[in-house]
């Protein structure tokens with residue numbers, strides 16, 4: 001990803017963040033948002049993915065609210081990671097085109113939409129939602 005694409009992505013991310021309800025933005029004070037081009041090789045290895053896999057869009061790290069306990073010790077810090085390359089790839093790229101079914105894909109609007117889905121998906125994990133529940137909500 002080049003610097004111009006990185007800046008365009010980050011500007012879209014700021015727009016998406018500004019459009020979220022205030023409570024979700026407050027969550028980012030508890031679970032900071034970390035934006036990277038791609039996951040580390042170590043992280044990909046942890047998930048059993050190839051070292052050059054660029055499909056991962058985001059990751060929530062921490063203990064979901066539904067699993068926290070007052071009897072447990074200090075919880076590890078939580079964070080939400082978003083990976084630019086995975087998001088852009090999932091959106092269909094920076095250029096507008098059509099998929100194999102003739103549906104439009106790609107472009108800045110599609111990237112912004114995928115940023116929003118990825119953020120809400122990872123925030124959903126913070127609130128204890130599982131993958132199937134997030135898929136039912138359209139955040140897969």
**Item:** Hits in region 92-106 - residues which are out of contact with any strand residue (DSSP E or B) (no Cβ under 8 Å at 6 or more places or on another chain) and within 18 Å of residue 1 (Cα to Cα)
**Value:** 94, 95
**Asked** So is residue 41 at pLDDT 85 or above, surrounded by fewer than 16 Cβ atoms within 10 Å (Cβ to Cβ), more than 11 Å from the chain's Cα centre (by Cα) and under 22 Å from residue 6 (Cβ atoms) or not?
**Response** yes
**Fill in**
Sole miss for residue 25 among (1) surrounded by 10 or more Cβ atoms within 10 Å (Cβ to Cβ); (2) at pLDDT 90 or above; (3) over 14 Å from residue 60 (Cα atoms) is condition (2)
**Item:** Cβ-Cβ under 6 Å pairs, at least 6 apart or on other chains, region 1-16 side more than 14 Å from residue 112 (Cβ to Cβ), far side part of a helix (DSSP H, G or I)
**Value:** 1/84; 1/85
**Every residue from region 60-91 that is at pLDDT 70 or above and either in a strand (DSSP E or B) or farther than 19 Å from residue 6 by Cβ (or both)** = 60, 61, 62, 77, 78, 79, 80, 81, 82, 83
**Asked** On the given criteria, is residue 95 outside any helix (DSSP H, G or I), exposed (fewer than 12 other Cβ atoms within 10 Å of the Cβ) and at pLDDT 85 or above?
**Response** yes
**Complete:** When (1) at pLDDT 90 or above; (2) surrounded by fewer than 16 Cβ atoms within 10 Å (Cβ to Cβ) are applied to residue 50, the one that fails is (1)
**Prompt:** If you scan region 19-59, which residues turn out to be touching a helix residue (DSSP H, G or I) at 6+ places or on another chain (Cβ under 6 Å), part of a loop (DSSP other than H, G, I, E, B) and in contact (Cβ under 8 Å) with a residue 24 or more places away in the chain?
**Reply:** 31, 37, 38, 54, 55, 56, 57
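The values are calculated or read from the model by the stated rules, or taken from the named source; none is laboratory data. Being a predicted model, the structure only gives us computed values, none of them experimental. Quick reminder, even Gly has a Cβ in these numbers, built from the backbone with ideal geometry, and neighbours come from all protein chains shown.
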